[in-house]
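J.: If you scroll down you'll find the structure; I have some questions about it.
Taken together, the values in this text are just the output of simple stated rules run on the coordinates, not laboratory data. None of these values were measured; they are calculated from a predicted model. Neighbour counts run over all protein chains shown; Cβ positions are idealised from the backbone, glycine included.
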Amino acid sequence: MTSTNKSKNTFALTTPVYYVNDVPHIGSAYTTIAADVVARFERLRGKPVLLITGTDEHGLKIQRAAQSAGLTPQEHCDTIAAAFDKLWHQLDIQYDRFIRTTSPRHQSIVLEFFQRVWDSGDIYSGRQQGWYCVSCEEFKEERDLLDGHRCPLHPNKEAEWRDEQNYFFRLSKYQSRLEALYQERPDFIAPESRRNEVLSFVAQGLQDFSISRVNLEWGFPVPADPKHTLYVWFDALLGYVTALLEPDQEPTLSQALATWWPINLHLIGKDILRFHAVYWPAMLMSAGVPLPEKVFGHGFLTKDGQKISKTLGNVIDPADLVSRYSSDAVRYYFLKEIEFGKDGDFNETRFVNILNADLANDLGNLLNRTLGMARKYASGCVPGVAGADIPSDNPLKARGLTLGEEVARAYESLAFSSGCEAILALVRACNKYIDDRAPWTLHKQGQQREVSEVLYSVLESVRLAAYLLSPIIPNISTEIYRQLGFKLQPLPELTPQTGQRAAAGHLDLVALKEPAPSALPEAAAPTAAPAFEAASPAQGQRWSKVLRPFAEAPAYLADALAETKGLLIAVLLLLLAIFAGNALVELARRTDRIPVVSPTLEAIGIGYTIWFIYRYALFAAGRQALFGNLQSLKQEFFGGNSPAAKIKTPPLALSTDTSPSAEGVSALPPLEAQPFAPDSPARYIDFNDRAAIAAAAPFSTHSRWGTLPASQPLGEAKPVFQRLQSAEPVSPSR
């Protein structure tokens, strides 16, 4: 039996080629979102990925829909295909190929495949009698129809009786080979419920099926008999093959199958399971083409417990849903809240509640509160501890060390819901960990090392959660990475960090750290401010250490207001600063040696004075920074024997932070950035940038807990997901 090539390192997957009788609906969006998530996950693993989608544009239903709209079939197809393409972009679907079955290249593939099956003796002419569902484009067994010969999938439409001469495919010939396939490869059809459906259907005995129609103009003619048109499904399934062609390749089967075939995964709805799990593999067997690896049929969607239909007026327009709630919101709800493979329900009130609870409250608020504490207790940086230094009994580390593998298994098995739950469990554990450890109390007790461990553990766990969720919510994950201090920037031809030459157009993502002065070109070397022109470069760097923290005055003032007694302290310091400022102005007016201080400079002086006194009075780390810098400047400008050299650095009774730092300044981030290894997680941030993803280290590296760069300056904090106030009715689709 022909089977898949397990040795190939590529990954190709498909959505159905969607029928263009109408604009895309929420069911089409559901399948395509899932396919995009799988593709993004495989790209994170470092695999070349090909995601195929497209439109099925032939058949009687298309012909009738065009006629009712007063259009030609091609005009109708062009309009609807454009609607699909637009929706995929709105949902951030990163497809690689969009196949349209009206393409001349596709016709070449279909005709060559037909000839192969013809040469195998598996096509013959016969008489077709039976009930035909135009909506399904399929003859139905009478036993499968509802009362009044109505299709179970389209109960509002009666099937049409047909009695015509057609060409048939010998499906019955492949009964035993298909049964052997299902036994030898039990994972060929998933989930288990779908596999059981197929086994039951095949066990009843397979019947040959018609692959042509008469009195139908819209389709490819049968080569041996132009009065017949090829059956739409025989045509459409081969779209998966045509899509494999490169734009400049000759449209032949050998060219199409050379690189990406066999397909690793066909993602479909359960209503088209028989076509993909029975008819399609039999056709491939007849043509001598290897079989795909897996067919996965997901369940149906309902709305508020009812079947979605135009008759009930509850059809959901996915474009409207995205425009009101965002693509990440739609992607997250349908994959997290519905177990993929089973039927699921959409309820807008629950939709809003889930998004608020998971994305706004648990994840968003966790990031926001932790960044606030990092700004307050770690100078706005990732604490200067390494993941390896965190004790193994740390509850977040214990969870995080195994989470990457657990989520990878969930993505591999398409268990998106369980993967999300595992990630959210870590997020909720972070919130509990903060409440239990109370870093604000540890800080007041002078346990700076413990504070650093708490903040690093939470920030790294947030990073890991964002990374693991990035296939589902790429925009939110990118924003989280930005706030954690990662940045996208062009990679120069020769990177100073690695000395490796970059490819043209390559993008490198690095942490928001300042470049090491030694790595900068001579012309771009940092220069001192005019007031310090005579100082050496080293002196300029030391002055920058003194001045740089003053730029953080607004942040520290805001933190002061957040303290229990912060308001009182801030008011007292403000009064003191105003008094000092006025005294300075008065002094300036009484002496000719000092110019009059402008109101602007006075305001700046007041702000800096507030920060300076507050920082010095309340933070041991601030005293350490102050006296460390003064000692450094004293040594540089006065020497060790001058009177100024007698300045002593006081003992730090309230600080237990033992993390190493230059010149004993642990409260300030290091001035010079450390070079990043090629597999550092700091190499990318934008989860929608495929070039950056391709250049980054694989999933196994970034899904490890403890890889957040220590002392990395953090970005500006803002909500990653705006809380939704209420659910508005979703507009019905057109």
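J.: Take THR402 and LEU111, extend 7 Å from each Cα along the Cα→Cβ direction, and tell me the distance between the two endpoints in nm.
T.: Spacing of the two 7 Å Cα→Cβ label points: 6.0 nm.
J.: Using 0.36 nm times the number of residues separating ALA357 and ASP78, minus their current alpha carbon distance, what extension gain do you get?
T.: 96.3 nm
J.: Another question, if that's okay. Quote to one decimal, in nm, the extra length available between ARG185 and GLN165 on full extension: 0.36 nm per residue of separation minus the C-alpha distance between them.
T.: Once the chain is fully extended between ARG185 and GLN165, it gains 3.5 nm.
J.: Here is a follow-up. In nm, to one decimal, how far is the SER176 label point from the ARG690 one, both placed 7 Å along Cα→Cβ?
T.: So the two model labels end up 4.5 nm from each other.
J.: Find how much the distance from ALA717 to ALA69 grows on full extension, using 0.36 nm per residue of separation minus their present alpha carbon separation; answer in nm with one decimal.
T.: Extra length from ALA717 to ALA69 when fully extended: 228.2 nm.
J.: Also, I was wondering about something else. Filter the cross-link list LYS47/LYS294; LYS173/LYS270; LYS397/LYS444 down to pairs whose alpha-carbon distance in this structure exceeds 23 Å.
T.: Values: LYS47/LYS294 18 Å; LYS173/LYS270 25 Å; LYS397/LYS444 25 Å.
From the list (LYS47/LYS294; LYS173/LYS270; LYS397/LYS444), the Cα-Cα distance tops 23 Å for LYS173/LYS270; LYS397/LYS444.
J.: Right, something else. Sort 88-96, 47-55 by the packing proxy (mean of other Cβ within 10 Å over each peptide's residues), most packed first.
T.: Order by mean packing, descending: 47-55, 88-96.
J.: Here's something else I'd like to know. Please sort 693-705, 19-31 by packing, taking for each peptide the average over its residues of neighbouring beta carbons within 10 angstrom, highest first.
T.: Taking the mean over residues of other Cβ atoms within 10 Å, the ranking is 19-31, 693-705.
J.: Take ALA438 and LEU575, extend 7 Å from each Cα along the Cα→Cβ direction, and tell me the distance between the two endpoints in nm.
T.: Result: 3.1 nm between the two label points.
J.: Okay, next question. Find, among the chymotrypsin sites (Phe, Trp or Tyr not before Pro) in the range 268-319, those assigned to loop by DSSP (not H, G, I, E, B) with at most 16 other beta-carbon atoms within 10 angstrom. Write out the running numbers ahead of the final one.
T.: Working: sites: PHE275, TYR279, PHE296, PHE300; in loops: PHE300.
Listed in order of number, the matching sites are PHE300.
J.: A follow-up question, please. Please identify which residues in the range 315-358 have an amide N closer than 13 Å to a label point set 7 Å out from the Cα of PHE300, following the Cα→Cβ vector.
T.: 343-345
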